[in-house]
Structures are given as structure tokens and as C-alpha cells.
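Here's the structure, in C-alpha cells; my notes come after.
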Amino acid sequence: MSSALFSALSGLQAHESWITVIGNNLANASTPGFKSSRALFSDQFSQTLRYASLPSGSLGGRNPMQVGLGVQLADIGRNMDQGVLASTGRTFDLALNGRGFFQVTDGINTLYTRVGTFGLDATSRLVDQRTGFRVIGLDGQPIDLDTTSLFPPAETDAVSFAGNLPAVVEGPLAQVMTTSSGLKDGTPATISSAAGPYAVPVGSTYTFELVVNGGAPQTVSVTNTGAGVDATDVVAAINALSNSGVVASVTGSNEVQIDTLKTGAASTIKILPGSTGSDLASTIGIATSLVKGTETVATATTDLNSLTSNQTDYVSGDTIDISGLDSDGTPVSATFTYGAGSDGTTVADLLAFIDNLYPNSTATLDATTGQIQLTSDTTGQTSMSITINDNAGSGSTNWSTHAFTVTTPGTGPDTATTSIEVFDQAGVAHTVSFAYQRQDDGSWDVTASIPSSEGTVLSGTVSGLVFNDDGSIASLPSSSSISIQFNGQSSPQSLTLDFGTPGLFDGVTQLGGAASVFADNQDGFGVGELSNMSVNSNGDIQGFYTNGQIRVLGSIGVASFVNDSGLREIGNNLWAETPNSGIRTVSQGSQGKAGAVVGGALESSNVAIAEEFVRLIEAQRGFQANARVISTTNDVLAELNNLL
């Protein structure tokens, strides 16, 4: 009977260990990067009561007869499967989508983690914020980020052009520049609920799905904790969504109103009902049909924030750059400041600002199309140009959809003019204008000019730009280089002009339309300061500078092992190598066995709570069964004692 007691005892011990493993899994169900464990049992020794025998004569063979002597905990294995990635929005919260580990060091040992809760310390070193351990880069060294150095400027070496040179010019006419598309006055998509309060039972959670502008559904959830559910509770739940694209408010008689942040016909709201019995949409009386915004041609009184091309609302102090050339060739450059106490807030205010900025031209708004027109006050050839771009501030409008093009060229020689900012060696910006003029033989000359206050054009004309009958370039000038002496520079600066490829339409063309040629790119830039950082899927830490340039400040190495399960946990979501973890390889993210680095996210625990509860029931039943064996054996022994 003692063997039964000891077998049951081993069963109690094994199942107790299993419950411990399950308890640890459940305790870490919310621990980022945690990898769950499983307990594996195996039987122990067996007592052989009869050995196996061969068949002989008329007797057949017999199998061995054995009695098992219990169970033992054979292994506790790790489940290294990928956990769900949860977005955090922090630049240096990093996760791995796939295999691999980040590397950190305490100055002596190299340790590994799946949880990239990293950040910068006071000396711009990348550290694990949980432990203070330094993060190791791709080169095997701790990562130090240069966050203070400026990005040096680069002088402009080349300017490229695109757009059209007119095949035919009619006149005499005053030159007119018109936006490529009209301004539209838009309203947001709006939807409202019935008046609150709402019948959500105490302790219940009701939901509906919010789909904005055709995007992914977002869950709106409201719980009655005992204080009831009112319109303010629903509004708070909607406004708590991240980047939802809508704003909710309480209106009327305690009603919920939802408005899209963007305006126009492309702005939509769609409410999808929640689960039956907990549908928040029907409970608050909000429609589930698609709701769209509206748009009409903008008028002078339309606010700039109501334009359908507005992407982010302007606030007081935001600025819009307006630059170009007046019809008499005078450079124009000024900043329109948004605000009631500044330059204004409406289309009329912007038109008045442009009109005042261009003393030799008149800015108007076409009431039928909503297009802004800038018309020269005199007929004849002009060099007028205008560009509108957002400058400083949080607001932004897609002004590129309202780019100005010449719709009525002035009479005189067939010309077109454009301008662009170029940079000298010190990173100082200079506005260079380029005038295209058709010659008697049908070719075009291009002449560069700059204000005398900024320098002198030493060699500024290139000749011989010829077009085919279909409007593509036939031949390029023999020399497409100009030379400018900028003030403050000791030597002239050479600029190469790129007009496109002969036989193709990838640059300047000559078609039967208005002049729209423009300088679309230049390769220089001014000095820049670090404005932002991000981490890409390779683990490169990219610095974004105010001059539009990007620099790799460091690279995070991803360590991979032959046997991930062979690593040893040491706490704090850290792992250490063991003899059975195998060879370590370090690479960039998304290379070889290494997973992709995901910035602004953390990996969640891979514990499956439902599965753990099922296993917990199994372990409990196993423990109870072994305890019952001990109880039964004890009863049998007691009965034997009673026979004495």
C-alpha cells in the first residue's frame, strides 16, 4: 500500500508545480513581452511483477506486468510565440514583429529583452527606462545619440524644371494666373443622438463602432458604474479615441453630436451597431445610415478653416508664405498671419493681402468656380508668379491643389517666368528667377536673374532649347550651366539646369496650352536643427531636421538565437544566454531571422487566459484525484488495522 501513497504524493507534488506555473502565467497576463510557460509530466520508475516471456511449444508468450510508482515534473517549457503589438505613440517604445531580442548591458553583462521601453537619459544615451541599462547598437556598442549638432547646409548645384511652354500665345492680353482648382466651402459630416439620459443598466457596458471617412471601425464603449449614462459620458468616450477624425459635443436637450474634423463631400460618418443586448447606438437613438458632409463653391466670407482642402485648422498666429514676382518683375515675399487680430481669417482677407502684396496686379475670386485669379494691371509680357505655402504653426491646407498657373499669357514675346529659392555655401537662401523667351527660330532661351541686393549673375543665359512637333524636347542647350556671384561668397556658384530628357515628357514640354513652366526642385538646403526622431523597421534611429533632411543617428541591433527557449529569465523582462540557447547572431531588423522593429508600440503578453483557466481546472482535478487516492489508501490501512 505504501507505493500507492508515494505515487499519489508524487502526483500532488507534480500538480502543485503545474498550478504554480499556471499562476505565474496568469499573474503576468498584462506584463509586456511576457512569454507563457507550460508544465510537462512524465512517469517515474515502475515495479516489474512479471517479466515478458517468449512463446514455447503450445504456450504463447506473455507481456511484462508492471506497476507504476508515480509521476514527475519533466520540463517547464516556454511558449515563444509572438504577442499582440499594442500602440503607445512613444518614439522609443519599440517592439519586434517576429523573432529576436533587443540587447542591453549593465556595463558587464549583455542581456536580452523583447520589451523596448527605451528613452534618452540626460546625456542623450539610449537606455532601458525600467532598469537604466544601456541599449546596444548594431555595432555592439551602447548607443549615444547626437541630438545637439546642426545639419550643415549644402549649396545648390542643380535646378530642375517641369511644366509647359505655350505653343501658341494669343493677345494682346493682360497676364492672368489662376489656381488649378477652385476653393470649396465644406461642412463636416454631422450626426446626432436622442436626448439623454440613456437606459444602460448598472454594471453594463454598451458599445457601437464608429467609422470615419471610410476608415477602420473604432469601438465606442460606455459603462454605467452606478451614476447613470448621460450625453456627457458618450461624448467623453468618443473624444477619448486616438486620432478618431471626429469631435463630439453635448448639444440641444442633452444630445450627443458627432462632427468630422475634415469638411466636404468626402467626409463621412457611419455608425455600426454594437452586440445585441448591449448596442449603444440604438440605446442613445443615433442613426446607423451613412452621413456625408457637403461642399459648395467658396465665397469671400468663407473661413480658411472651412475649405475642403484644409487638413488641419489654423489657429491664431499660424502663418502662410506668399512669394513670387509681381507683373513688373518685383520679387514678392510676405507672410499672412491667421487670426482675427492679425491679417484675417477668411478668403476675402487672404485676397486682400495678396492684392496689397502685388501692387501692379489684382487678386479676385471667381464666384462661379471658386478659383483665385491674379491679373496684371497692364497688358503685355510680364514675369508674374505666385506660390502659396504653409509656414509655421499647426494649421495646414493642401495648397498644392490650388497651384497657380498662367491661364492668359500677356502679349509680346512668348515668355514664361518662374522662380525658386537656392542656397549658397553658407546655407543662405536666395530667390533666383528664370525667364523663358522664344526666339525667331522657335528655340527657347532661359535667362536667370536675382535681385541686385543678393548678388550678380555672371553667366545667366542658356540658349538652344528646342522641341519636337509633339511637344517633347528635341535637343538641349549645348551648355546648361549658369554662374552667379552671391554677396558674401568669395567665389562664383555654378548651377546646372535640368529641363528633362529628349523625346520624353518628364520635364518641360511645349504643348498647345498656357505657360505653366516652373522650377520644381533644387538640391540645396540650409542649416537644420533636429526636430523629431523615429525608428524604422530596420532599427535605424532617424533624425528629422528642420531643413527637410534625414540623418541616421544610430542603429539598434536585433539578436537572434538558434534556440530562443534555451534562454534563461532573470527578471525585469530580461533574458540571459545559456549553453543551450545556441549561437547568437546580431543583425538589423527584418533581416535573416530577425523580426521587424516596430516603433511606437510594445509587445503584449502571449498568455491565453481562457486556456490557462482550462489548464487550471485540469490541474485542480488532478490534484483532487491524487488526494483521493491518499484518502482511500488511508481508509484501507485503517481497515487492516481493525482486523488485528
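Can you say whether Ile271 is assigned to a strand (DSSP E or B), surrounded by 14 or more Cβ atoms within 10 Å (Cβ to Cβ) and aliphatic (A, V, I, L, M), as far as the supplied structure shows?
So Ile271 fits the description; yes.
For Thr263, indicate whether it is assigned by TED's automatic domain parsing to the domain that holds Ser193, touching a strand residue (DSSP E or B) at 6+ places or on another chain (Cβ under 9 Å) and either assigned to a loop (DSSP other than H, G, I, E, B) or under 30 Å from Ser385 (Cα atoms) (or both).
Considered against the rule, which asks whether it is assigned by TED's automatic domain parsing to the domain that holds Ser193, touching a strand residue (DSSP E or B) at 6+ places or on another chain (Cβ under 9 Å) and either assigned to a loop (DSSP other than H, G, I, E, B) or under 30 Å from Ser385 (Cα atoms) (or both), Thr263 comes out as yes.
Might you let me know whether the stretch 285-299 holds any residue that is within 30 Å of Val406 (Cβ to Cβ) and in contact with a helix residue (DSSP H, G or I) (Cβ under 9 Å, 6 or more places away or on another chain)?
yes
Can you tell me which residue among Arg90, Arg99 is outside any strand (DSSP E or B), in contact (Cβ under 8 Å) with a residue 40 or more places away in the chain, over 30 Å from Glu16 (Cβ atoms) and in contact with a helix residue (DSSP H, G or I) (Cβ under 8 Å, 6 or more places away or on another chain)?
Answer to the check: Arg99.
When only residues in the stretch 550-575 that are farther than 30 Å from Asp523 by Cβ and small (Gly, Ala, Ser) count, which is surrounded by the most Cβ atoms within 10 Å (Cβ to Cβ)?
It comes out as Gly557.
Looking only at residues that are buried (at least 19 other Cβ atoms within 10 Å of the Cβ) and in contact with a Ser or Thr (Cβ under 7 Å, 6 or more places away or on another chain) in the stretch 508-520, which one is modelled with the lowest pLDDT?
Within the stretch 508-520, the match that is modelled with the lowest pLDDT is Ala514.
Do we find a residue being touching a residue at least 40 places away in the same chain (Cβ under 8 Å), in the same structural domain as Phe623 (by TED's automatic domain parsing) and either part of a loop (DSSP other than H, G, I, E, B) or loosely packed, with under 10 Cβ neighbours inside 10 Å (or both) anywhere in the stretch 49-59?
Taking every residue of the stretch 49-59 in turn, none turns out to be touching a residue at least 40 places away in the same chain (Cβ under 8 Å), in the same structural domain as Phe623 (by TED's automatic domain parsing) and either part of a loop (DSSP other than H, G, I, E, B) or loosely packed, with under 10 Cβ neighbours inside 10 Å (or both).
For the stretch 378-408, give me each residue that is within 29 Å of the chain's Cα centre (by Cα) and either of a type in the set (Val, Ile, Thr) or in a loop (DSSP other than H, G, I, E, B) (or both).
If the condition is that a residue be within 29 Å of the chain's Cα centre (by Cα) and either of a type in the set (Val, Ile, Thr) or in a loop (DSSP other than H, G, I, E, B) (or both), then Thr387, Ile388, Asn391, Ala392, Gly393, Ser394, Gly395, Thr397, Asn398, Thr401, Ala403 are the ones that fit.
Scan the stretch 462-482 for residues that are over 43 Å from the mean Cα position of the chain (by Cα) and assigned to a loop (DSSP other than H, G, I, E, B) and report the count.
Final tally of qualifying residues: 5.
The values are calculated or read from the model by the stated rules, or taken from the named source; none is laboratory data. This structure is a prediction, so every number in the text was calculated from the model and none was measured. Virtual Cβ from ideal backbone geometry, glycine too; neighbours counted across all protein chains shown.
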